[in-house]
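The values are calculated or read from the model by the stated rules, or taken from the named source; none is laboratory data. Just so we're clear, the structure is a prediction, and the values are computed from it rather than from any experiment. Cβ atoms come from the backbone with ideal geometry, glycine included; neighbour counts cover every protein chain shown. Ligands, DNA and RNA are stripped out before the accessible areas are found, and what is left, the full protein with its side chains, is counted by its heavy atoms. Shrake-Rupley method; radii C 1.70, N 1.55, O 1.52, S 1.80 Å.
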Amino acid sequence: MKRLWDKGQPLDERILRYTAGEDHVLDGRLVPYDVRASIAHARMLHEQKLLSDQDFRAIRTGLESLAASHAAGEWTISLQEEDVHTALEQRLTAMAGEAGRRIHLGRSRNDQVLAALRLYLQDAAEDLAAAAEKLASALDALAEREADTELPGYTHMQQAMPSSVQLWAGGFATELRDDAAAIRATHRRISRNPLGSAAGYGAPGLPIDREATRRALGFDTIHEPVTAVQLSRGKAEAALVFELTVSMQDLGRLASDLLLFYTQEFRFVALPESMTTGSSIMPQKRNPDVLELVRGAGATLNGCLTEILGLQAKLGSGYQRDLQRVKAPLFRAIDLSADSLAIIEYLVGGLRFLPENIRMDPGVHAAGRANRLVLEEGISFREAYQRVGRELAGGDGGAA
Ligand code: ARG
């Protein structure tokens with residue numbers, strides 16, 4: 001198997017293994033996007049009279065059939081193929097002959113990988129935003145099912161004021177909808193056409209039409225000048241992973257509340273047995289492992305974000321192979337966020353509150369009573385506060 005850049009000298013197998021790394025596995029998800037971007041590039045070459053009708057048709061048909069057979073599980077990228085770009089060109093050439101050897105005119109794998117990644121990121125961001133909104137809707141449904149259930153509101157882990165399941169769930173639902181909006185807002189950094197920048201310095205001597213590929217792929221703008229493109233690799237990725245990290249922190253806080261509510265001491269909530277796990281030694285245990293794993297996911301996301309930010313920091317201009325390493329933490333963060341949002345949505349569907357176990361400390365009404373005294377008697381808040389404090393200390397039940 002030859003690499004795209006082979007000029008006759010065999011590649012040391014150990015060097016291939018190390019440099020290709022995980023790409024042959026990671027790039028699998030980029031196949032449909034690299035195909036779309038490659039067809040847009042070929043159409044542009046054809047419009048610019050750099051590719052004949054016949055060659056363009058052979059390329060388009062060949063790439064479409066490769067996308068279909070990949071989706072059907074008929075082939076995967078092999079280590080020998082190095083990455084998605086090589087796999088597609090080699091396989092296209094095997095199918096379409098000489099036409100396949102013409103597709104790489106005016107591009108590099110470095111603008112190619114960015115085009116595929118950005119198309120993928122647009123879909124991933126939309127799916128993740130929709131998943132956050134679906135979880136928000138599941139919390140709305142919980143609030144409706146538990147419309148009459150009161151809850152103590154806690155600060156410092158101490159009962160503070162009266163609250164309710166509606167207020168508790170409503171707070172998380174609002175934050176998750178805001179997370180969804182922030183995830184969608186990463187679009188601004190993602191939606192820029194990298195094609196035509198090639199290895200970072202354009203394609204000298206060729207009439208590359210960057211507007212044509214922009215239009216065909218639906219990017220908002222052309223990423224200009226060509227030197228900006230490689231400087232941006234990792235930035236849209238970091239922006240998305242940052243938003244996913246704060247979303248996972250919301251899930252972590254929701255999980256923390258539920259873990260407390262699920263203890264034997266609280267027993268505010270019940271989960272179906274099918275959603276908890278058992279212990280290998282303690283026959284009585286039903287453990288809320290899902291909540292703990294979701295709480296831990298925030299740490300993984302944080303690590304992915306740090307990794308992405310660290311990779312791009314201090315690199316000089318132009319493509320450098322370090323940037324390949326952005327893909328692993330990016331995909332890991334996306335997959336873990338999608339899985340966590342979906343599993344919490346499922347779990348919230350099975351959650352039931354147990355009002356018989358929810359006891360409010362009478363003290364939770366103290367601030368409300370002080371406020372009422374201000375309204376009724378026109379005294380200062382500080383005076384009302386002190387009076388209610390004395391009533392509580394005297395145990396005369398005045399705060400009810
Ligand atoms: N797998 C590479 C990446 O993700 C694609 C570009 C490789 N380019 C190169 N000149 N070696 O960055």
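A few remarks follow.
- Any hit, the range 75-85, residues being open to solvent by less than 10 Å² (accessible area, probe 1.4 Å) and either away from the ligand (no atom under 14 Å from the Cβ) or out of contact with any helix residue (DSSP H, G or I) (no Cβ under 7 Å at 6 or more places or on another chain) (or both): no
- Residue within the range 121-135 that is within 16 Å of the ligand (Cβ to nearest atom) and either surrounded by fewer than 16 Cβ atoms within 10 Å (Cβ to Cβ) or of a type in the set (S, T, Y) (or both) present: no
- Counting only residues that are part of a loop (DSSP other than H, G, I, E, B) and either under 21 Å from S164 (Cα atoms) or of a type outside the set (A, V, I, L, M) (or both), the range 360-395 holds 5 of them.
- Close pairs from the range 81-101: first of a type in the set (S, T, Y), partner away from the ligand (no atom under 16 Å from the Cβ) and assigned to a helix (DSSP H, G or I), Cβ under 7 Å, at least 6 apart: T93/G100; T93/R101
- Within the set R352, R295, the sole residue that is open to solvent by 40 Å² or more (accessible area, probe 1.4 Å), in contact with a Pro (Cβ under 9 Å, 6 or more places away or on another chain) and either touching a residue at least 60 places away in the same chain (Cβ under 8 Å) or within 27 Å of Y154 (Cβ to Cβ) (or both) turns out to be R352.
- Total residues in the range 106-115, condition within 16 Å of I39 (Cα to Cα) and near the ligand (Cβ under 9 Å from one of its atoms): 5
- The lone exception for E89 - which of (1) assigned to a helix (DSSP H, G or I); (2) closer than 24 Å to V25 by Cβ; (3) open to solvent by 70 Å² or more (accessible area, probe 1.4 Å); (4) among the acidic types (D, E) it fails: (3)
- Cross-chain or 6+ apart pairs with Cβ under 7 Å, the range 1-24 first and under 23 Å from H104 (Cα atoms) and in a loop (DSSP other than H, G, I, E, B), then open to solvent by less than 100 Å² (accessible area, probe 1.4 Å) and among the hydrophobic types (A, V, I, L, M, F, W, C): R3/L11
- Here L323 meets the list (1) open to solvent by 40 Å² or more (accessible area, probe 1.4 Å); (2) of a type outside the set (G, A, S); (3) on the phi < 0 side of the Ramachandran plot almost entirely, failing just condition (1).
- Among all residues of the range 98-105, there is none that is within 14 Å of the ligand (Cβ to nearest atom), within 17 Å of P32 (Cα to Cα) and over 24 Å from the mean Cα position of the chain (by Cα).
- Residue match in the range 309-319 (condition: within 16 Å of the ligand (Cβ to nearest atom), outside any helix (DSSP H, G or I), of a type in the set (S, T, Y) and surrounded by 15 or more Cβ atoms within 10 Å (Cβ to Cβ)): yes
- In summary, K235 fulfils each of the numbered conditions (1) away from the ligand (no atom under 16 Å from the Cβ); (2) open to solvent by 70 Å² or more (accessible area, probe 1.4 Å); (3) touching a residue at least 60 places away in the same chain (Cβ under 8 Å); (4) not aliphatic (A, V, I, L, M) with the single exception of condition (1).
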